[in-house]
Amino acid sequence: MYCIINYSNGNIEKMDLELSHNTVSIPKNLDYQKISYIDFYTDEVVAREGDEGYFVFPSGQIGYFRGKKNIESEFRFNALPIYGIKTRDKCFVAILKGMRYDAKLIAGAKEDKYYCFIRYIIDEEMPYEDIIIEFHNLHGKDANYSGMARTYRQYQLSRGACVPIKDRLNEILKYTKDSVYVRIRQGWKPVPPTVLEQTEENEPEMKVACTFKDVKKLMEEFKRQGIDKAEFCLVGWNYRGHDGRYPQLFPVEPDLGGEEGLKELIVKAKELGYKLVCHTNSTDAYTIADCWSEDLIIKDKNGKLSINNVAWSGGKMYHLCPKKAYELALNDLPKVAELGFQGTHYIDVISIVPPRKCYDKNHPLNRNEAISYNLKILDLAKQLFGGISSEGGFDFAAGNLDYALYVSFLDPFKIDENSMADKCIPLWQLVYHGIVLSNPFTVTVNAPKKGMKVILKAIEYGARPTIYYYSKFVTENSGRQNWMRNVDFVCNTEQDLKESVNLIKKMYDEYQKLSYLQTEFMESHEEIEENVFEITYSDGSKIIVDYNENEFYLKK
């Protein structure tokens, strides 16, 4: 094993590294303020064209040693800090125990050689934690991607990083695991925005899609059709709708029915036996917010405000410093809870964006410190509402999250011929099923309307059924895409209402046969025939998903 140190002046230095107790580390005494990045290698060549085996990428994909030539791909250690290699002679999984969010796995094929290495971005800064990689050699029945996932799961459990659902079941979590999740985008301003820096004078008009009274009708239709357990999440209930004026939340949007209308809806949800939660945000800020201050925003090395590269409904989007976001949450989230919401409260994107450094001299944060404040926000919300969910499955939050809206933006049905990855595997689910409830992909949102193959993909990955009314909100022909695709649920008319709920009822009924598995670990995933997969759970249950026949089977 060795590393190549790449200095900012263009010089390169090779350094041999020793493996001690299955662990290798990059020396602490390097002159890091002169280093641009460090590349770590286990071997110069992993495999040759046509060899048995595969790469396992942290993105939840595998790549075989065949059919690639002059390709190189990057994979970030975001959702999982692991990668693996299986060849004819060996199989191992590597766990990054330091600087994971400043690292990426680079895998490639040149001529007939397959290679990979980890690149740590130093950027002339002293690392805020030791750079350590732990290797686990796997044998026999463990020498595959399922074994790699089980190894990392055991690592997480043994150090107390997370707790199985079985061991923390309460009234809220039990309801969550048995229910269908229904998000409703109620109102929004144009996306892309027509005004980047918005004021009260030039603020674009908000589109009203679904008022509180409309949501009440939807809930009543759920009850009429026999859906006993559903958790509804209001998106855009806040002032000026979804992404309207963050971090400002109040007043409750008047065009949707105002605070009085919302409280009436909350009472109705309880009468019907449903959980009702809402969507808030602790990462984004717009200058139109009544609480706007440059002091709230992350600063880069040069002291400039950190801005997202994509603008949303509120205009140009600035990044909240996590420390300041926590201070805002201490003030705002109790007020949201006082409205009467109860269930797995949803905080937008907090577990799907890499933790951001802040260079503001008044509130500087490295990535670990940023994570600590994000976790405080999640903990606060869980205490106030009973449970917590977010968008994504970055596993720094695995000990806090009850539900992940979608773990990945990948499309499991499409193969990028220019990527080293050949197909998706449920790597995250093999680690975290039975620990965090989840829906695997953006494409598996609204599965009942997208066809049997999408439904089967959700079942293959152990999903909690997830519906999103008005998921399609990006302005047509704008060049921007709806990341949950264009197949949508709406309730504009009585027919829309009845037909959409009927589809959900069919999905709900199927899920009732499977929901008991949410408290079990996913132990293995295997393609037993072409396009036929067997998924085994820790209680011995097996699910066979057959894409050839468009069917699935449960074996208890």
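The values are calculated or read from the model by the stated rules, or taken from the named source; none is laboratory data. In this text, all values refer to a predicted model and were calculated from it rather than measured experimentally. Glycine gets a Cβ as well: all are built from the backbone with ideal geometry, and neighbour counts include every protein chain shown.
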Practice task
Would you check which residues across the range 217-250 are surrounded by fewer than 18 Cβ atoms within 10 Å (Cβ to Cβ) and within 29 Å of the chain's Cα centre (by Cα) and list them?
Solution key: ASP228, PHE250
Fill in the blank from the handout: Pairing a residue in the range 473-491 that is farther than 18 Å from THR442 by Cα with any residue that is aliphatic (A, V, I, L, M) and part of a loop (DSSP other than H, G, I, E, B), where Cβ atoms lie under 7 Å and the two sit 6 or more apart in sequence or on different chains, gives THR475/VAL191
Problem - Unique residue being within 18 Å of VAL454 (Cα to Cα) and outside any strand (DSSP E or B) when the list is GLU527, GLU549, GLU534, GLU499 - result: GLU549
Problem - ASP102, sole failed condition from (1) touching a helix residue (DSSP H, G or I) at 6+ places or on another chain (Cβ under 9 Å); (2) surrounded by fewer than 21 Cβ atoms within 10 Å (Cβ to Cβ) - result: (2)
Practice task
Would you be able to tell me the number of residues in the range 283-306 that are in a loop (DSSP other than H, G, I, E, B) and touching a helix residue (DSSP H, G or I) at 6+ places or on another chain (Cβ under 7 Å)?
Solution key: 1
Practice task
Within the range 376-393, identify whether any single residue is assigned to a loop (DSSP other than H, G, I, E, B), modelled with pLDDT of 95 or more and surrounded by fewer than 24 Cβ atoms within 10 Å (Cβ to Cβ), and answer yes or no.
Solution key: no
Problem - Candidate set from the range 307-334 (those that are charged (D, E, K, R), part of a helix (DSSP H, G or I) and in contact (Cβ under 8 Å) with a residue 24 or more places away in the chain); member that is farthest from GLN186 (Cα to Cα) - result: LYS323
Problem - Qualifying residues in the range 443-456 (those that are buried (at least 23 other Cβ atoms within 10 Å of the Cβ) and closer than 16 Å to TYR547 by Cβ) - the one farthest from the chain's Cα centre (by Cα) - result: ALA447
Problem - Candidate set from the range 515-556 (those that are closer than 27 Å to GLY226 by Cβ, crowded, with 18+ Cβ neighbours inside 10 Å and among the hydrophobic types (A, V, I, L, M, F, W, C)); member that is nearest to the chain's Cα centre (by Cα) - result: LEU517
Fill in the blank from the handout: Counted residues in the range 205-227 being part of a loop (DSSP other than H, G, I, E, B) and in contact with a Gly (Cβ under 9 Å, 6 or more places away or on another chain) come to 4
Handout entry: Enumeration of residues in the range 55-83 that are crowded, with 22+ Cβ neighbours inside 10 Å, more than 18 Å from GLY147 (Cβ to Cβ) and aliphatic (A, V, I, L, M)
Key = ALA79
Practice task
Using the structure shown, decide if ALA289 is touching a Phe, Trp or Tyr at 6+ places or on another chain (Cβ under 8 Å), buried (at least 20 other Cβ atoms within 10 Å of the Cβ) and over 22 Å from SER389 (Cβ atoms).
Solution key: yes
Exercise for the section: Kindly indicate which of TYR346, TYR359 is of a type in the set (Phe, Trp, Tyr) and surrounded by fewer than 20 Cβ atoms within 10 Å (Cβ to Cβ). Expected result: TYR359
